1. When the chain is fully extended, how far beyond the present Cα-Cα distance does N39 get from S88, taking 0.36 nm per residue of separation?
2. Using modelled backbone amide H atoms (1.01 Å from N, in-plane), which distant-in-sequence or interchain residues come within less than 5 Å of E117's amide H?
3. Considering amide H positions built from the backbone, and no H for Pro or chain starts, which residues 5 or more places from A106, or on another chain, come under 5 Å of its amide H?
4. Pull out the extension gain between E99 and K3, defined as 0.36 nm times the separation in residues minus the alpha carbon to alpha carbon distance; nm, one decimal.
5. Going by average Cβ density within 10 Å per residue, which order do the peptides 42-55, 103-116, 64-77 take, highest to lowest?
6. In nm, what is the difference between 0.36 nm times the number of residues separating D119 and E27 and their Cα-Cα distance?
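What follows is calculated from the coordinates using simple rules that are stated; it is not laboratory data. All figures in this text were calculated on a predicted structure; none of them were measured in a lab. For neighbour counting, all protein chains shown are included, and Cβ atoms are generated from backbone atoms with ideal geometry for every residue, glycine included.
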Amino acid sequence: MPKLKVTVGERDRLGDRTRRRIEAAEEGVSLDDAQPVLNFESYADLSRLLSQKNLELLEAIAEHEPDSISRAADLVNRDYKQVHRNLSELEDIGVVEFEGGGSGKAKKPLLAYDGLEIDLPFTDSGSDTDVATP
């Protein structure tokens, strides 16, 4: 599984990237290295994804692979309804998927990606950002 690149307010830059990739595809260039991108309109929208509770939930799913939403709720010591709501929101943005479900069957939450790569440039430099380590 690839990592999901998460950005904020970069619609124009992503549009340019998409146009370049379309042109490359038309010229026969392989695009197997495509990284999925999730762009949020605002930092407030991003903060919902990166809430402590959501990150704990994603980590619990990655480590324990719960077979149901109820088991995921148990792993993070939270109410089923809250966890169900959070997982549904994460499914809506494509971070979580469900397997199974249906009449009387448990839905198993699955991570759609290996991790999140957060890209938050503070200026519109138009160039790639160097990686800094603490």
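1. That works out to 15.8 nm of additional length.
2. L4, K5, V6
3. Those qualifying (amide H under 5 Å, at least 5 residues apart or on another chain) are G101.
4. 32.6 nm
5. On the way: 42-55: 12.8, 103-116: 14.5, 64-77: 17.0.
Taking the mean over residues of other Cβ atoms within 10 Å, the ranking is 64-77, 103-116, 42-55.
6. Separation in residues times 0.36 nm, less the Cα-Cα distance, equals 30.3 nm.
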